[in-house]
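Quick notes on the structure that follows.
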Amino acid sequence: MPVVTALVAAISGVYGLVIGSFLNVVIWRVPRHESLVTPRSHCPACGTQLANRDNIPVLSWVLLRGRCRSCGTAISVRYPFVELLTSVLFAAVGARFAHSWALPAYLVLAGALVALSAIDLEHYILPNRILYPTDGAVLVLLAVASGAEHDWGAFARAVIAGAVAFAIFFTIHLVSPRGMGFGDVRLSFLLGLALGWLGWGEVAGGLFAGFLYGAVVGVVLIAVKVRGRKQQIPFGPFLAAGAMTFVLFGEPLVDWYRHFGR
Ligand SMILES: [Zn+2]
């Protein structure tokens, strides 16, 4: 069994490098309303199309020392970072779900959350063009997993958790529209869905962790005066990180809470 787990984790990690490379295209083009298919990847500064040898995840950036081969303009460290992050997350999801039919659903979730977080950090939006297809894909993949594992209770719980999360976030949005944008409300359905398939403990823990991360980082940024009190801090990345914490480590964390937390 550990051999299978390690193998699934390794394959998922390599797959994550390739998907991470695609996510870089998504992160650049979706907020700019550009096509994901054409044209081929090019340098944003000089427009030169990338040759295949310059399009290898992480490695090309390192070999080119972070500069375009044609014009020498610096290429953001975000590119290899997104590829590495996606790879690490995919490997972790692979290890966690090596023996579950739900593996594809959580790989899709992890990839989408990387793209959404990067876009939210830069543009303060969570595009529907990414959210809606991800909602659909995760819903279908979790339905397939529920059927294969004969656990339709998990699927029902997932859908209810998505609706409950949406209702809670929508209420917060009504009370404080500046504090919680409607993009975060839409994202909460996806997170509730994914956490709900695992259990109610994961739903509560994952959403709470998102608020906790956001609050801690927000307080620190204001304290060191990187951000003013009135300045906007994107919430999506924190919600995503909270959810992924409980997707990956929910079982031990929820068990720990049941034993020692009260
Ligand atoms: Zn260039």
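Of note:
- Cα centroid separation, the range 60-97 to the range 186-243 (Å): 24
- Where the alpha-carbon atoms of the chain are placed on the principal axes, they occupy 59, 50, 33 Å, in descending order.
- Here the range 197-262 is treated as a Stokes sphere of Kirkwood radius computed over C-alpha pairs; at 37 °C and 0.692 mPa s its diffusion coefficient rounds to 256 µm²/s.
- Environment charge at I130 (Cβ cut-off 13 Å; Lys +1, Arg +1, Asp -1, Glu -1): +1
- Seen from S76, the other residues with C-beta closer than 14 Å to its C-beta sum to a net charge of +1, counting Lys and Arg as +1 and Asp and Glu as -1.
- 10 Å binning of all Cα-Cα separations within the range 118-251, expressed as whole percents from 0 upward: 13, 41, 32, 11, 3, 0
- Among the trypsin sites (Lys or Arg not before Pro) within the range 101-179, those in coil by DSSP and having at most 14 neighbouring Cβ atoms inside 10 Å are R178.
- Spin-label zone in the range 238-262 - amide nitrogen under 17 Å from a point set 7 Å from the Cα of A204 along the C-beta vector: 243, 246-247, 250-262
- When W61, W101 are compared by accessible area at a 1.4 angstrom probe, the order from most to least is W101, W61.
- Paramagnetic reach from S76 (point 7 Å along Cα→Cβ, amide N under 15 Å) across the range 104-132: 114-127
- Of the DSSP H helices in the chain, those whose Cα atoms cover at least 15 Å axially and whose Kyte score averages 1.6 or more: 2-29, 152-175, 200-223
- Inter-label distance, nm, simple model (7 Å from Cα along the C-beta direction), R32/R227: 2.6
- When the convex hull of its Cα atoms is projected in every direction, mean area for the range 159-198 (nm²): 2.3
- The range 30-175: Cα Rg divided by the 2.2 N^0.38 Å rule of thumb: 1.30
The values are calculated or read from the model by the stated rules, or taken from the named source; none is laboratory data. Please read all numbers here as calculations on a predicted model, not as lab measurements. Virtual Cβ from ideal backbone geometry, glycine too; neighbours counted across all protein chains shown. Ligands, DNA and RNA are excluded from the accessible area calculation, which covers all protein heavy atoms including side chains. Shrake-Rupley method; radii C 1.70, N 1.55, O 1.52, S 1.80 Å.
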